[in-house]
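Working notes, beginning with the structure itself.
The values are calculated or read from the model by the stated rules, or taken from the named source; none is laboratory data. The model shown is predicted, which means the values in this text are computed figures rather than measured ones. Neighbour counts are summed over all protein chains in view; Cβ atoms, including those assigned to glycine, are modelled from backbone coordinates with ideal geometry. Side chains are part of the model used for accessible areas, which takes the heavy atoms of the whole protein and leaves out ligands, DNA and RNA. Shrake-Rupley method; radii C 1.70, N 1.55, O 1.52, S 1.80 Å.
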Number of protein chains: 2
Amino acid sequence: MATVCISGTLADKLHACADAGFDGVEIFEPDLLAAPESPEEIAALAGRLGLALDLYQPMRDVEGVDEPAFAAVLRRAEAKFRLMNRLGIDLVLCCSNVATATIDDDAVSAAQLRRLGDLARDYGIRIAFEALAWGRFVDDYRRAWRIVELADHPAVGVCLDSFHILSRGHDTSAIADIPSEKIFFVQLADAPRLSMDVLSWSRHHRLFPGEGDFDLVDFTARIVSTGYTGPWSLEVFNDTFRQTDARRTARHARRSLRWLEDAVSRVLPDAVGRDDLAMLPDSAAPSGVDFVEIKAEDTSAVEELLGQLGFTSRGRHRTKPVTLWTAGNARLVLNEQHARGWEPRLAAVGLEVDDAEAVDLRMDELHVPRAYRRTYASEERLDGAVAPDGTEVYWAQAADEGEPAWVAEFEHGEPERASAVVGVDHVSLSQPWQAIEEATLFYTAGFALRVDSSTEVPGPQGLVASRVLGAPGGGVRLPLNVAPPILAGERAGAALPQHVAFACSDVRALARSARERGFVPLAMPRNYYDDLAARFEMTDAAVDELRELHLGYDRDHAGEYLHFYTRTIGEVFLEFVERVDDYAGYGAGTAPVRLSAQGRR
Amino acid sequence: MATVCISGTLADKLHACADAGFDGVEIFEPDLLAAPESPEEIAALAGRLGLALDLYQPMRDVEGVDEPAFAAVLRRAEAKFRLMNRLGIDLVLCCSNVATATIDDDAVSAAQLRRLGDLARDYGIRIAFEALAWGRFVDDYRRAWRIVELADHPAVGVCLDSFHILSRGHDTSAIADIPSEKIFFVQLADAPRLSMDVLSWSRHHRLFPGEGDFDLVDFTARIVSTGYTGPWSLEVFNDTFRQTDARRTARHARRSLRWLEDAVSRVLPDAVGRDDLAMLPDSAAPSGVDFVEIKAEDTSAVEELLGQLGFTSRGRHRTKPVTLWTAGNARLVLNEQHARGWEPRLAAVGLEVDDAEAVDLRMDELHVPRAYRRTYASEERLDGAVAPDGTEVYWAQAADEGEPAWVAEFEHGEPERASAVVGVDHVSLSQPWQAIEEATLFYTAGFALRVDSSTEVPGPQGLVASRVLGAPGGGVRLPLNVAPPILAGERAGAALPQHVAFACSDVRALARSARERGFVPLAMPRNYYDDLAARFEMTDAAVDELRELHLGYDRDHAGEYLHFYTRTIGEVFLEFVERVDDYAGYGAGTAPVRLSAQGRR
């Protein structure tokens, strides 16, 4: 781990890295300069924590300069080499010249690296030369390697950084040309594919492996295939990660490396390097939603809604103040335990998986914090983890047929009624803005979900970013919605409501029958329906029906989407949806209207 | 004002625009769709508020399509024209085709606009055709004008949008070729010069005029010069403005238009269009800092520091619990009035101006909220405004010679001591992240300060963005520092401390004498000094002296910067700086070390 990735003082960062299970760090120079501890104290602290100090970085603008400038480089380098000796670090990162290069000549750069190598060798130090994506002359790892080859010095090798190579789209096949013993260091960072200047992209928007758009698996596999056995280090400049809790971010970072190790071990041919690489236990993506839990001191307002919407009360749990409501394959658990003072909120989601034990082992390997629910003898065990937003996510073996066994723990219920609800369509989870990347990795690495789509929805209080995590086949859909950052002066924790959307066979019929039982849907404005008529060329009768039932409507090339919302109770609301044909979206055109209607509530 | 610029429901937005003094708005269609009010109610509300409904927008993808697609365009358009009749809006924005264009032919687009114009005329509506910067075929205002010219229809003209034209760097001289009566509408937006894809840039990063890097003054002057007399509308898509308080943002927006009107009236030749344009009263940038005020229930911890640092206590105000401390031309006011429970904070800054009355009139014209301080007969009047971060900024006529007259209101002070402090070097004001643009406009439009430089400083809790507002000549320097957004769960309002930096003739001597009087500076780590030695090739003796005195040091091509910090008291700390030769920075290399040391406090 590069210390620049996380927040705090250098000592904080070392503690956080050790706590997360890293075995080494790269020391980012500004972190050392600001530290009150001496280099010897830092070395001793790292030693006690079991952290190797693998790299000192960066040393800038060392080659491609004229002779007087190079004399100054050597003086500066010698001071740093002495410092590195005090730290006990034997490898320094020299990045290609950005600011002072005046000579665009491989031979000159090579000769200067060779002379720097001579000096380094006197201090027992080696130099890893890296091509920055925005280097003045050297901006391509292949050229950096040519220069190192020309330098031909035992203390001079290359550092390969995935960001600098993949951001520029450079062909990675030439990695195979570099002898493994000349790859002195490897830095890993993912990033979203953004079209912006590469320096800003690099300094602010890097992500941990698996969270962006780069093919880190291929990149890493290519380096493993050279026979490289050195450190794999995360160097992730990200404005958010620099700010969040260091221990939490370090664990998040370590999890991304574990995910990468697994993914690489799955693509590499058997012959090379697999001894060091361990797969995670195999597990397919979840096939469905086992249950959704809403927790509150008093859940009766939710119960009233569920009754109006045709759910069956299946009774109360044998040992807990918990009730179960079902409709079709949708199971909603209302929990009043340990919820004093809570307004209704979406507290837990249960997922149906093909191999619960494998998921359990994956979560252990990924060091995901676990959720705990007390279960008594003769009750089904609940295995769960705590997602970054605090939602508890449980998993259970999918039932071969019929209802899951735990349903039998609920007593004194009513006989199941027929319902237009067939199951859970999606569960929308609101994320604090600083947790979205961690949440994405939690669901992709832990549950083999994948990012299906991303969008932005304008609401009356700002733009809401939405990223859908899904399972192939559509059995599980989890839109993660990110509220705008909190404004100073606002209540901390003010956030979007969460919601559960239920899939229906006939949403119009459900809306009608619910209304007969006293249900009042979230009111959609008439202007919305006038626009539907213009956009979709619908008949007046069709539009009138939608308007009377307060149904939202969308259509694309694949099909149609009809849906309505309940009012928000506490921090949660419900949605009822009907997908016609292969419509795969979420009615994004209706979401701004819904946000506005909720804002008026 | 385009309703998309600000937060809230459509009715909220109309109220906010009217409150800010706008005389018209453009209705952004999604705002109408989400509104519970009927079009007639919206029209009536706007009428009551004195707001013209100048434009309905956007109608997308209307030209460059095949005949079946165009038939659908006409059907859709007719529904919108009917809606516009209900709203009483007679102008619609049609932007160049992005999604459905298949025919890249000016004649086809022109013929289709002509047919659309025929239909529009039947409803008493006109069409303003705009080239989006990312239009499929039409992405240049010059081409949009050629198409409109070809269409040759009285109901078809162009809309000119500064963002779409200036973001692409298109030559604006061709604006003069467009007859003013064919310019149906003008949209104004500024933006920072970013190298990113133009769609994201446009949708997220626009700014109000005067806050970005575009030459809005030249752009606007060119349009005024055509004889255009239609609306000037702000269309500013900005993630922050969409989220902040609508009334505040609308006033901020209106202020930017007033600034632009002034700036345009100053560059236009006398002959054209100046009747409509009013200059603001002339006022040069402030020449110096009159005073800085720190406010707290108990200011004695600050007083102790000031005594150690050689300030003279000039006594207590005749009528208020306020004391004055001076050193050279630096005047620090400590205010214990109306400060119950307050830790020391930087509450006010006074600026010396050449024409206090002109500033007063400017502030009135800009509708800046005013600060009020009670003054009694025979006391100097204080004129002030409240900056967006809550700091009160006062202005007073610069004294011809000697101390300002208000100093005489302080009694029972000590005789002035000689001091190494000569004046105020800079005042650093921490800004909530959502207020930085508004603050920039406040200082540039209100006080004729300018943005001197911008940088980012890594701190242990994240990156701190810093933007320096300054007066030519350096008499006033106000670095505005933006703390990272608040994390959910943190105390709202947690922010960076503010600080006052005093200019010194000999900062080493001051540090030594202060130490003799018991002063303890903020401790700088030894590692920092080891690095200074390596970076600047200083002698051991020079580095030892800096380290002993806990002085920060920077050097650039223009000169040197030496400085030290006090500890933070409440929310404020002090800095003492010495600039050697023409050094113009703020020791940015030392700031991360300082932030880290403050974090350890």
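Would you kindly give the portion of the calculated P(r) for the protein assembly as shown that falls above 42 Å, as a percent of all Cα pairs? Value for the protein assembly as shown: 53 percent of Cα pairs lie more than 42 Å apart. Seen from A:Gly446, the other residues with C-beta closer than 9 Å to its C-beta sum to a net charge of +2, counting Lys and Arg as +1 and Asp and Glu as -1.
Enter the mean projected area of the convex hull around the alpha-carbon atoms of segment A:406-474, in nm², rounded to one decimal. Computing the convex hull of the Cα atoms and averaging its projections yields 8.1 nm². Measuring heavy-atom accessible area with a 1.4 angstrom probe and counting protein chains only, the residues of segment A:445-464 that give up at least 30 Å² relative to the chain alone are A:Pro460, A:Gln461, A:Leu463. Within 10 Å of the Cβ of each residue in B:37-45, the mean number of Cβ atoms contributed by other protein chains is 1.
Sorted on the mean count of surrounding Cβ atoms within 10 Å across their residues, most packed first, peptides A:470-480, A:117-127 read A:470-480, A:117-127.
Full extension of the segment from A:Ala558 to A:Arg75, taken as 0.36 nm per residue of separation minus the current Cα-Cα distance, would add 167.2 nm. Taking the label point 7 Å along Cα→Cβ, B:Thr375 and its counterparts in the other copies are spaced 7.6 nm apart, in ascending order. Here r is the Cβ-Cβ distance between B:Lys182 and B:Leu49 and R0 is 25 Å; the resulting FRET efficiency, rounded to 0.05, is 0.25.
If you take all other residues with their beta carbon under 10 Å from the beta carbon of A:Pro192, and give Lys and Arg +1 and Asp and Glu -1, the sum is -2. Placing a label point 7 Å from Cα along the Cα-to-Cβ direction at A:Gly390 gives distances to the equivalent points in the other copies of 2.5 nm, listed shortest first.
Expressed to the nearest 5 percent, the antiparallel share of DSSP beta bridges inside the protein assembly as shown is 60 percent.
Between copies, the label points at A:Asp276 (set 7 angstrom from Cα along Cα-to-Cβ) are spaced 7.0 nm, reported in nanometres from shortest to longest. For segment A:316-348, the residues whose backbone nitrogen is under 11 Å from a point 7 Å from the Cα of A:Tyr376, taken along Cα to Cβ, are A:317-321.
Rolled with a 1.4 Å probe across the full set of protein chains, the surface gives A:Val322 an accessible area near 10 Å².
In chain B, helices alone account for a calculated mean residue ellipticity at 222 nm of -9500 deg cm²/dmol, with every DSSP H run of four or more residues adding -39,500 (n - 2.57).
Out of the total accessible area of the protein assembly as shown (probe 1.4 Å, heavy atoms of protein only), what percent is carbon and sulfur? For the protein assembly as shown, the apolar C and S fraction of the accessible surface comes to 47 percent. B:His550 exposes around 50 Å² of accessible area when a 1.4 Å probe is run over every protein chain in place.
Shielding of peptide B:185-196 by partners, expressed as the average count of other chain Cβ atoms within 10 Å per residue Cβ, is 1. For segment B:6-23, a reduction of at least 10 Å² in accessible area between the chain on its own and the assembled protein chains (probe 1.4 Å) is found at B:Ser7, B:Gly8, B:Thr9.
Across every direction, the projection of the convex hull enclosing the Cα atoms of segment A:3-276 has a mean area of 13.4 nm². Which of the three applies to segment B:191-336, rounded, prolate or oblate, going by the alpha-carbon gyration tensor with a ≥ b ≥ c and a/c under 1.5 meaning rounded? Cα axes put segment B:191-336 in the prolate bin.
Calculated FRET efficiency, A:Ser200 to B:Arg168, Cβ-Cβ distance, R0 = 25 Å: about 0.80 to the nearest 0.05.
With all pairs of different C-alpha atoms in the average, the Kirkwood value for the hydrodynamic radius of segment A:1-106 is 14.7 Å. Using only Cα coordinates, the Kirkwood hydrodynamic radius of chain A works out to 26.9 Å.
With the cut-off at under 20 Å, measuring from each backbone N in segment B:178-195 to a point 7 Å along the Cα-to-Cβ line of B:Asp23 picks out B:180-189. Chain B packed on chain A takes about 4400 Å² of accessible surface away from a 1.4 Å probe, both sides summed. Percent antiparallel among DSSP beta bridges with both residues in segment B:3-276, to the nearest 5? In segment B:3-276, approximately 10 percent of DSSP beta bridges are antiparallel ones. Between the helical axis of A:540-549 and the longest alpha-carbon principal axis of chain A there is an angle of about 90 degrees.
When both bridge partners sit in chain A, DSSP labels roughly 60% of those beta bridges antiparallel. Relative to the dominant Cα principal axis of chain B, helix B:526-536 is inclined by about 70°.
The mean number of partner chain beta-carbon atoms within 10 angstrom of a residue's beta-carbon across peptide A:234-246 is 3. Compactness ratio for segment B:288-600: Cα radius of gyration over 2.2 N^0.38 Å (N = residue count) comes to 0.98. Straight Cα distances below 14 angstrom link B:Lys295 to the aspartates and glutamates B:Glu303, B:Glu336, B:Glu343, B:Glu392, B:Glu571, with same-chain residues fewer than 8 positions distant left out. First check a/c for segment B:79-191, with a ≥ b ≥ c the square roots of the eigenvalues of its C-alpha gyration tensor; if it is under 1.5, answer rounded, and if not, answer prolate when a/b is larger than b/c or oblate otherwise. The shape class here is prolate.
Pairs of C-alpha atoms in segment B:350-445 farther apart than 19 Å represent 54 percent of all such pairs.
For segment B:3-276, the solvent-accessible area works out to 35 Å² per residue, with a probe of 1.4 Å and every protein chain left in place. Only Lys, Arg, Asp and Glu carry charge here, each on its Cβ (+1 for the first two, -1 for the last two); on that basis segment B:288-600 has a dipole of about 920 debye about its Cα centre.
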